[in-house]
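Everything below concerns the one structure shown next.
Every number here is computed from the coordinates shown, using simple stated rules; none is lab data. Only a predicted model underlies this, so the values are computations on that prediction, with no experimental measurement involved. Positions of Cβ are generated from backbone atoms using ideal geometry, with glycine treated the same way; all protein chains shown enter the neighbour counts.
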Amino acid sequence: MAKKKVFISFDYDHDEGLKHLLVGQSKNPDSPFELADWSIKEHIDENWKAKAKTRIKSVDVVVVICGEHTHTATGVSAEVSIAQAVSTDYFLLKGYSNKTCTKPTSARAGDKIYAWTWENLKLLIGGSR
C-alpha cells in the first residue's frame, strides 16, 4: 500500500519541537505516511497563501498539530482554511497530553482534537475519524 502524503501544520513560534516528533514518526518502518511538506514560515500574504495552496492540494491529508497557542497562530488558521477550500482531508492532533491544546480559529465546530499516540496516528492517517 502506498504511503499517504502528509502536510504538517503547526505553530512555528511555540510548537516546532512537536513537528520534529512527527517527522521522526514518519521514519518508523511501519509508518503509513511520508511527509510531502510542512508549514511555511513566511509573512502571510497572497504569495504565501498561493504556495501553501499548491502544497496542500498535492497531499492526501493535513495533520494540524495543536498546542496551547494554536488559536493565535494565524498561519495554522490560514492553512486549515486552505485545506477546507480545496477539500483536502485534515485532522487536529493534540500536541501535549498534559496541557490544554487549542484549535485553530478556522477549525470547524465539529472538528475534534485527537490524542497523539502512535497507534491512533496510524488510524487517523488511514481515515478513521
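Number of residues in region 65-104 that are of a type in the set (Val, Ile, Thr), surrounded by fewer than 21 Cβ atoms within 10 Å (Cβ to Cβ) and farther than 15 Å from His14 by Cβ equals 2. Of all the residues in region 105-128, those that are surrounded by fewer than 20 Cβ atoms within 10 Å (Cβ to Cβ) and closer than 17 Å to Lys4 by Cα number 8. Close contacts from region 45-70, counting a first residue that is in contact (Cβ under 8 Å) with a residue 24 or more places away in the chain and a second that is assigned to a strand (DSSP E or B) and of a type in the set (Gly, Ala, Ser), with Cβ to Cβ under 6 Å and a gap of 6+ residues or different chains, come to Val59/Ala36; Val62/Ser9; Val64/Ser9. In region 94-120, of all residues being touching a Leu at 6+ places or on another chain (Cβ under 7 Å) and among the hydrophobic types (A, V, I, L, M, F, W, C), the one that is farthest from Gly17 (Cα to Cα) corresponds to Ala107.
In this structure, Ile44 qualifies as surrounded by 14 or more Cβ atoms within 10 Å (Cβ to Cβ) and more than 14 Å from the chain's Cα centre (by Cα). When restricted to residues that are part of a loop (DSSP other than H, G, I, E, B) and within 22 Å of His69 (Cβ to Cβ), region 114-124 contains 2. Scanning region 15-32 for residues that are surrounded by 12 or more Cβ atoms within 10 Å (Cβ to Cβ) and without any contact (Cβ under 8 Å) to a residue 12 or more places away in the chain, we see that the one that is farthest from Lys4 (Cα to Cα) is Glu16.
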